[in-house]
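A.B. asks: The structure follows.
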Amino acid sequence: MNELSQVGEHTFYMDSFANVGVFEYGGKCCFIDSGGDRASAEKALSLVEERGLTLEKVFLTHSHADHIGGAAFLRQKTGCAVYAPGVCAALVEHPALTPVTLFGGYPTEEMRSRLIMSEPCKCEKLTESALPSGLRYIRIDGHDFEQAAFGTSDGVWFCADGVVGERILEKYKIAFMHDVEEHLKSLEKLKKLDGKLFIPAHDKPCADLKPLVDGNIENIMFVLGEIKRFCADGITIDGLLERIFSEFHIKLYLTQYELIGHTARSLLAYLKKKGEIACVYEGSRLLWKTRNL
């Protein structure tokens, strides 16, 4: 934990709660994600400085706090440039927007903790021209508004939260998603990637990503099936969340309620778009009901 492992001639990573990728080029290096907090970022920085490398850039895969929490410290300490894909750059600069998108209103104190809302950091939109030679990216949206996976010339891919580890799926069964349709498309992209090693953000590296991707797709299909089952007789959002927490054996607390709530609404939106669930209005109640196709 928190050691720098070499996985290619120019590619390293620091094993932490959210893995930090390192790509070295000509005495300089860039990070892929920044660690979830100052301590993780400080450790990653000390490890590359021990190798005589200067941190030049930080590429954030997306805008969630466990990936961007160390960015402000790294920028203040080194003057490095920070990049994130699309609208995520605005969320890195204005992290107070993140709990609002999750909560749907002014967030509670718990939703403004460092687990959800990081320190603001000046951030530019990710472009091809910002990349050092030997580094590339593809878009794998869906988990967040936008998301990127980064590949190095060593054949190593940093897959961010595009794919979720088996242990996490076994523990929670329902993983966070913002756009289910885009997430499924991104999983298909990941399955077709050509590389020697694949490093998810919250799991160990693997030489073959396809089994894990297939497991993720299978799990999403299972969850969608369960959502339709829960909605068979019509149910409110709170009723649906009660079923999810109970039947998936997820511990209930406010932050978890909002994260699962966001995902549940995204799942409902996906099923409604497909015509498999409809909104039913009973007096002053809005019910989500599975359609008999």
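A.B. asks: Tally the DSSP beta bridges in the chain and give the antiparallel ones as a percent, rounded to 5.
C.D. replies: Antiparallel bridges: around 65 percent, rounded to the nearest 5.
A.B. asks: Quick one: work out the % antiparallel among DSSP beta bridges in segment 2-134, nearest 5.
C.D. replies: Beta bridges within segment 2-134, antiparallel portion: roughly 55 percent.
A.B. asks: Taking the simple approach of a point 7 Å from Cα along Cα-to-Cβ for both Gln6 and Lys173, what is their distance in nm?
C.D. replies: About 4.5 nm, to one decimal.
A.B. asks: Name the residue farthest towards the positive end of the dipole of the chain from the options Val58, His262, Gly8, assuming +1 on Cβ of Lys and Arg, -1 on Cβ of Asp and Glu, about the Cα centre.
C.D. replies: With unit charges placed on the Cβ atoms, the residue in question is His262.
A.B. asks: A follow-up question, please. Read through the labelled values [x] 1.00; [y] 1.04; [z] 0.96 and report the label of the one computed as Rg/Rh (Cα atoms, Kirkwood Rh) from the structure.
C.D. replies: Answer label, from the structure shown: [x].
A.B. asks: Quick check for segment 96-231: number of Lys pairs with alpha-carbon distance under 13 Å, counting only pairs 8 or more apart or on different chains?
C.D. replies: Pairs that pass both the separation and distance tests number 4.
A.B. asks: OK, next. Take the Cα radius of gyration of segment 35-80 and divide it by 2.2 N^0.38 Å, with N its residue count; two decimals is plenty.
C.D. replies: Values: Rg = 10.0 Å, N = 46, 2.2 N^0.38 = 9.4 Å.
Computed over Cα atoms of segment 35-80, the ratio equals 1.06.
A.B. asks: Sticking with this structure for a sec: Counting each DSSP H run of 4 or more residues in the chain as -39500 (n - 2.57), what helix-only mean residue ellipticity at 222 nm follows after dividing by all residues, to the nearest 500 deg cm²/dmol?
C.D. replies: Per the formula, -11000 deg cm²/dmol.
A.B. asks: Quick one: Karplus J couplings for segment 73-78, per residue in order, coefficients 6.51, -1.76, 1.60, θ = phi - 60°, nearest Hz, x for Gly and Pro?
C.D. replies: 4, 4, 5, 5, 6, 10
A.B. asks: So, in Å, what gap is there between the alpha-carbon centers of segment 130-163 and segment 240-293?
C.D. replies: That distance is 31 Å.
A.B. asks: Assuming 0.36 nm per residue, please report the length gained on full extension of the stretch Phe222 to Asn292 beyond their Cα-Cα distance.
C.D. replies: Difference between extended and current length: 23.4 nm.
A.B. asks: Please find, in a Gaussian network model of the chain (springs between Cα atoms separated by less than 10 Å), the residue of Gly69, Gly142, Gly215 whose mean-square fluctuation is greatest.
C.D. replies: Gly215
A.B. asks: Under a 1.4 Å probe, what is the accessible area of the chain per residue, stated in Å²?
C.D. replies: Numbers: 13610 Å² over 293 residues.
Accessible area per residue: 46 Å².
The values are calculated or read from the model by the stated rules, or taken from the named source; none is laboratory data. Just so it is clear, the model here is predicted, and its values are computed rather than measured. Cβ coordinates were reconstructed from backbone atoms using ideal geometry, including for glycine residues, and neighbour counts include every protein chain displayed. Each accessible area value is taken on the protein alone, full model and side chains, heavy atoms only, with ligands, DNA and RNA left out. Shrake-Rupley method; radii C 1.70, N 1.55, O 1.52, S 1.80 Å.
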